[in-house]
Each structure stands twice: as structure tokens, then as C-alpha cells.
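To start, the structure under review is shown below, and the notes come after it.
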Amino acid sequence: MAVRIDPKKDLIVCHIDGEIDINSSPMVKKSFDKLISQKTPKIVINLSKVTYVDSSGLATLVEILKNMRSYGGRMRLACMSPKIKSLFEITKLEKLFEISADEETAISNF
Amino acid sequence: MKKKDIIFQSDSGCIRESSFRILKDLEHYGIGEKTAFEIKLCVEEAVRNAIIHGNKSDPKRQVRLGYWVDGGILNIEIEDEGAGFNHESVKDPTKEENLLRNSGRGDYLIKKLMDKAEYNTKGNKLSMVKKIN
């Protein structure tokens with residue numbers, strides 16, 4: 001699992017590569033801790049290279065969202081595969097997150 | 001496929017190993033990517049629950065994984081050595097007031113993605129069923 005931070009004009013795009021599960025979730029959270037401590041106002045998480053997410057991974061994304069909301073930050077998820085998207089639909093997390101089909105739409109919708 | 005029983009120690013490393021073993025044995029059944037994804041997820045969630053909530057991460061306690069295929073149906077049993085758990089007490093994670101909570105989603109996904117999932121009375125053994133072809 002790897003997280004690549006890609007600063008844009010007025011937001012940050014984070015590309016996650018690999019599986020977000022019980023083993024990698026602490027690393028994902030740590031990667032976002034610095035952005036959150038800097039009160040980054042807008043983050044897009046590009047999930048196009050995420051092949052698997054378990055309940056720990058979902059909980060980690062919820063945790064990042066909660067932390068961002070605590071200072072008024074906003075986060076969007078983009079480029080989910082149909083398999084990952086189905087988990088958000090089943091768990092109703094689609095109601096909690098702002099989700100875009102692609103990165104460009106996620107950026108322009110802020 | 002005849003029934004296989006595998007015993008794991010309560011170590012997080014066995015979570016991925018458990019799904020890998022099952023999917024490896026299912027290779028010649030030609031299951032689709034979506035079904036494989038759902039089996040992987042449910043097995044890993046169940047083994048994780050058995051280790052953390054059942055065996056309280058005690059490395060001396062074991063988790064038994066049993067699985068077999070009968071008539072195109074995959075049967076999986078996951079049993080821990082814990083005192084048992086009341087799975088009915090798990091809050092519905094899809095309710096508005098629980099969406100921000102960090103618990104209950106693993107159990108919920110198992111019940112939604114498997115064709116059948118039920119615990120024994122004690123609450124330390126989960127039996128799951130999934131149609132694979």
C-alpha cells in the first residue's frame with residue numbers, strides 16, 4: 001500500500017495504491033495525519049488503484065472524514081471501482097461521503 | 001471439494017492467509033472476480049472478528065477455519081476459542097446515527113454479501129454459505 005500526495009492549486013489530491021485493510025489502515029491514517037494537522041481545507045482521495053477495502057479501511061476513511069470536518073475541511077472520494085463502490089452502497093457510507101466518478105469532477109465540484 | 005480444516009494461531013498474519021487458502025482451492029471452479037472479492041472480504045472479516053473479539057488477540061488461542069464445496073455451494077465455518085459473543089447486540093451500522101461509528105460494518109457486510117451467515121448459540125462459531133456457480 002502506498003499514498004502519494006499531489007498538491008494542486010488550492011487542494012490536495014491523494015492517490016492510494018493497493019489494499020486498505022487491517023494491516024495497511026494505520027499507515028493510511030498516518031499519511032493523512034500531517035495533512036489534517038495542517039488543516040488542509042480540501043482533499044480529493046483518488047481510489048483508482050485501490051483493489052480492496054475491508055471494514056478497517058472503511059473505518060479509516062470515516063475517521064479521516066471526521067477529523068477533516070472538525071476544522072471545517074472537505075474531502076471527496078473519486079475513481080472507485082464498482083466493487084469498492086458497492087461496499088459504500090451496502091454500508092450506506094455513500095450518504096456520508098461526497099463521491100465523484102473521476103478526479104476532474106471531484107476537483108471541479110469543490 | 002472435501003472438507004478442509006485449518007487451525008491458525010490468533011495472529012493478524014493469518015487473516016490474509018485464510019482467504020488466500022480458500023481462493024486458491026476454488027481456482028478450478030472458475031468463480032468470478034466479484035464473487036472472489038466477496039469471499040475474500042467475508043472470510044477476512046470473520047477471521048479478524050474471531051481473533052480480536054473472540055480470542056481477544058490471545059496468541060495461545062486458536063481459530064479453526066473449515067470449508068468445503070457441495071453442489072456449487074461454498075460452506076465456510078470459522079470458530080474461535082473465546083467465551084462467545086452476542087452478535088444480535090451489534091448496532092446496525094447503516095442507521096443514520098451510527099454512520100460515523102467505527103464498529104459493526106464487518107459483521108454487516110458478511111450478512112449482506114454471503115447467501116447465509118449464522119452464529120451458533122454460544123456465539124463463537126460462524127457458518128457461512130455462498131453459491132459459487
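The values are calculated or read from the model by the stated rules, or taken from the named source; none is laboratory data. Not measured: the values here are computed from a predicted model. Here Cβ is always computed from backbone atoms with ideal geometry, including for glycine, and neighbour counts include all displayed protein chains. When the accessible area is computed, the model is the full protein with side chains, heavy atoms only, and any ligands, DNA or RNA have been set aside. Shrake-Rupley method; radii C 1.70, N 1.55, O 1.52, S 1.80 Å.
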**Prompt:** Which one of these is touching a Lys or Arg at 6+ places or on another chain (Cβ under 7 Å) and at pLDDT below 95: B:Gly71, B:Gly84?
**Reply:** B:Gly84
**Failed condition for B:Ser89, given (1) within 12 Å of another protein chain (Cβ to nearest Cβ); (2) free of Cβ contacts under 8 Å to residues at least 24 places away in the same chain** = (1)
**Message:** Being closer than 29 Å to A:Leu61 by Cα, open to solvent by 60 Å² or more (accessible area, probe 1.4 Å) and within 11 Å of another protein chain (Cβ to nearest Cβ): is that true of B:Lys40 here?
**Reply:** no
**Prompt:** From the set of residues in the stretch B:1-39 that are touching an Asp or Glu at 6+ places or on another chain (Cβ under 9 Å) and of a type in the set (A, V, I, L, M), which is farthest from A:Ile22 (Cα to Cα)?
**Reply:** B:Met1
**Prompt:** Which of (1) over 18 Å from B:Gly82 (Cα atoms); (2) in contact (Cβ under 8 Å) with a residue 60 or more places away in the chain; (3) open to solvent by less than 30 Å² (accessible area, probe 1.4 Å) does B:Gly30 not meet, given it meets every other one?
**Reply:** (3)
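Within the stretch B:74-89, can you find the residues that are open to solvent by 50 Å² or more (accessible area, probe 1.4 Å) and either outside any helix (DSSP H, G or I) or in contact with a strand residue (DSSP E or B) (Cβ under 8 Å, 6 or more places away or on another chain) (or both)?
Filtering the stretch B:74-89 for residues open to solvent by 50 Å² or more (accessible area, probe 1.4 Å) gives B:79, B:81, B:83, B:85-86, B:88-89.
Within the stretch B:74-89, B:Glu79, B:Glu81, B:Ala83, B:Phe85, B:Asn86 meet the criteria.
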**Message:** For the stretch B:104-133, give me each residue that is hydroxyl-bearing (Ser, Thr, Tyr) and facing another protein chain (nearest Cβ under 8 Å).
**Reply:** B:Tyr108
**Qualifying positions in the stretch B:18-50 - under 26 Å from B:Val90 (Cβ atoms) and out of contact with any helix residue (DSSP H, G or I) (no Cβ under 9 Å at 6 or more places or on another chain)** = B:Thr35, B:Ala50
**Complete:** Scanning the stretch B:120-133 residue by residue, those of a type in the set (Lys, Arg) and touching a residue at least 40 places away in the same chain (Cβ under 8 Å) turn out to be B:Lys125, B:Lys130, B:Lys131
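Go through the stretch B:112-127 and report how many residues are surrounded by fewer than 21 Cβ atoms within 10 Å (Cβ to Cβ) and within 9 Å of B:Cys42 (Cβ to Cβ).
Going through the stretch B:112-127, the residues surrounded by fewer than 21 Cβ atoms within 10 Å (Cβ to Cβ) turn out to be B:112, B:115-125, B:127.
Imposing the further condition that a residue be within 9 Å of B:Cys42 (Cβ to Cβ) reduces the set to B:117.
Summing the residues that are surrounded by fewer than 21 Cβ atoms within 10 Å (Cβ to Cβ) and within 9 Å of B:Cys42 (Cβ to Cβ) in the stretch B:112-127 gives 1.
Can you find a residue in the stretch B:57-66 that is in a strand (DSSP E or B), open to solvent by 20 Å² or more (accessible area, probe 1.4 Å) and more than 10 Å from chain A (Cβ to nearest Cβ)?
yes
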**Failed item, numbered, when B:His53 is tested on (1) open to solvent by 10 Å² or more (accessible area, probe 1.4 Å); (2) within 14 Å of chain A (Cβ to nearest Cβ); (3) farther than 16 Å from B:Ser127 by Cβ; (4) at pLDDT 95 or above** = (4)
**Item:** Selection within the stretch B:92-119 - touching a residue at least 40 places away in the same chain (Cβ under 8 Å) and within 17 Å of B:His53 (Cα to Cα)
**Value:** B:Gly106, B:Asp107, B:Leu109, B:Ile110
**Asked** When the residues of the stretch B:3-13 are filtered to those that are more than 13 Å from chain A (Cβ to nearest Cβ) and outside any strand (DSSP E or B), which remaining residue is least open to solvent (accessible area, probe 1.4 Å)?
**Response** B:Ser10
**Message:** The conditions are (1) farther than 18 Å from B:Arg105 by Cβ; (2) outside any helix (DSSP H, G or I), and B:Arg16 fails exactly one of them. Which is it?
**Reply:** (2)
